[in-house]
Every structure is written in structure tokens, then in C-alpha cells.
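This report refers to the structure that appears directly beneath it.
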Amino acid sequence: MAVFLCCFMVLLAAVPCSAAGATAAGERCVRQGKAAYAPSLSPLPQGSGACGYGAMAAEINGGFLAAGGPRQHRGGLGCGRCFQVRCRDAKLCSSRGVRVVLTDFHRSNRTDFLLGGPAFAGLAKPGMAHELKRLDTLSVEYKRIPCDYKDKNLSILVEEESKRPSNLVVKFLYQGGQTDILAVDVAPVGSSEWRFMTRVHGPVWRTDRAPAGPQQFRAVVTGGYDGKWVWAEREVLPADWRPGQVYDTGVRIADVARDGCRGCAGADAGAAALEWK
């Protein structure tokens, strides 16, 4: 069945420029901060990590992963966001930096990011990764960028605590673009009886009122000050859905935050004018 991308623009025009600009500017501005090396292959500790990706994190973005501080993690809303990070040491570091996906949270006030092995090595010039790892922390510049998962559609992982028929907990994977999911609804296929889901944390949503039979989903996706409904008018979860399984929605998201106001309010001085490749 063909997949239809339908959108309903959220009416946010009445939001003052100062409020909208703080969000939009924060999305597009280059910021300065600190990064450190996480000695394991990924920045995830043993277990599922604060974003709940678990072992699946190693499959995201080729293993180029990061744990973010409070400013980046944002209480879970930052989970799955993509950032370009580059080191400011011209002797050791490449000018291009690396693109990472936020998969965990760290509480240290000393650094904005903990970078896994591949990501940290990717900051360095050829042959300089070993020298870079000798440093305790790095001065970096970073900005949020659109996520691009190539051949991956937005997908749903049914979490292990789900139990048919009505207790459903899902995690969204491969959320493209520069977007946040602000609301999720589920309904029987072909029905308009939508039932809202509640965010547990980050990319995880739940309901104890999941409908019986095949299910379809819709979500409010926003980037910056703008938003829209996105859904696939087809079966996403079959009637016999199973915990631990990943289901393809057939939808790809490529929206990017729009800038409602001029300037980079709150960005670190001198960083906003930098050119990024």
C-alpha cells in the first residue's frame, strides 16, 4: 500500500519572536564547549544508557556516538539528535570534525560531550588520534545538524515491557532531519479513533490503551518554531506484534529547523560566523 505523508501545520505564528528565536537560534548556532574521550567503543555505560538504545546504539551512525551533558540531552528530548563536533586544536585536529548521534547522558560539568572511540579518533588529523587521546579534555565547537540515515525509514521498536493487547511501549529509531517528536498517537488501521501516547523518556512512548488489531501511527514533528503531523496510512504494527521486534513505518523525515528571528541569541561569542563543511 502506498505511503502518504500528510502534514498539518501547527499554528505557532502567535509565538513572540523572542521566544521562537531562542529555540530556532539555538538549533542553528555554532557553540563552544568541551569534549572528552570515552575509552569504551561507545559512550554507553553497561546497560541500556539514558536514551534506552542499549546494544542497538552500536548500529546507529556507524558507531559515531556521543553522550551529552544537560544542555544537549535536555531531559531526554536530545536523544537521537545529530551534532557536528570539531576540535579547536589546529595542530592535532581536522577542520571538518565528526558527525555524531546523541545516545546517552552524562552528568559531568566539565564537558559537553563524551565521545566514543570512532568519533573521538575522527576529530584528529591523519596519524594524530593517539596524541589526541592523551589529552584530558578538548576545546570544541559544535552545532546541531540534520540526521541522515541513508536507506533507513523511521522505525518503531516495541519495547520488552509491552504486553498485548493494550500495554504498548515503543521507541522511535532513525528519526531523520533536524526534528523533535512532540506528540504520538496510535489508531486501528483505517480508523480515525486516535489515542494519544505519553513520553516515557527521550524516544520512548507508551500507552495502556493500545487498540486491538493492526495499528497505524501519527506524530507531531517539529524543527525550530514550526511543526506538522506526519503519518503513514498503512499498517505499521501487525495484530500479532511482538516485543523486541523493529517495525518499519515506511516514512522518512527530512525536515530542518526554520529560523524565525535573526541572530544567534545565547550562542558563544565569535562562534556563530564560522563556516561549516
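The values are calculated or read from the model by the stated rules, or taken from the named source; none is laboratory data. Treat the numbers as computed from the prediction; the structure is a model and nothing was measured. Here Cβ is always computed from backbone atoms with ideal geometry, including for glycine, and neighbour counts include all displayed protein chains. What goes into the accessible areas is simple: the full protein's heavy atoms, side chains included, and nothing from ligands, DNA or RNA. Shrake-Rupley method; radii C 1.70, N 1.55, O 1.52, S 1.80 Å.
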Scan segment 235-251 and tell me whether some residue there is surrounded by 22 or more Cβ atoms within 10 Å (Cβ to Cβ), among the aromatic types (Phe, Trp, Tyr) and over 29 Å from Ala35 (Cβ atoms). no
Go over the candidates Ser95, Ser18 one by one and state the one that is open to solvent by 50 Å² or more (accessible area, probe 1.4 Å), modelled with pLDDT under 85 and more than 19 Å from the chain's Cα centre (by Cα). Ser18
Look at segment 103-136 and say how many of its residues are open to solvent by less than 10 Å² (accessible area, probe 1.4 Å) and aliphatic (A, V, I, L, M). 4
Taking segment 106-138, which residues are in contact with a Pro (Cβ under 9 Å, 6 or more places away or on another chain) and hydrophobic (A, V, I, L, M, F, W, C)? Phe113, Leu114, Leu115, Ala119
Residue hits (segment 179-196; surrounded by fewer than 22 Cβ atoms within 10 Å (Cβ to Cβ), of a type outside the set (Gly, Ala, Ser) and touching an Asp or Glu at 6+ places or on another chain (Cβ under 7 Å)) are Val189, Trp194, Arg195, Phe196
State yes or no: is Asp136 modelled with pLDDT under 90 and in contact with a His (Cβ under 9 Å, 6 or more places away or on another chain)? no
Filtering segment 139-156 down to residues that are assigned to a loop (DSSP other than H, G, I, E, B) and either more than 18 Å from Phe172 (Cα to Cα) or open to solvent by 40 Å² or more (accessible area, probe 1.4 Å) (or both), which residue is modelled with the highest pLDDT? Pro146
Which numbered condition Ala13 fails, given (1) of a type in the set (A, V, I, L, M, F, W, C); (2) open to solvent by less than 70 Å² (accessible area, probe 1.4 Å); (3) modelled with pLDDT under 70: (2)
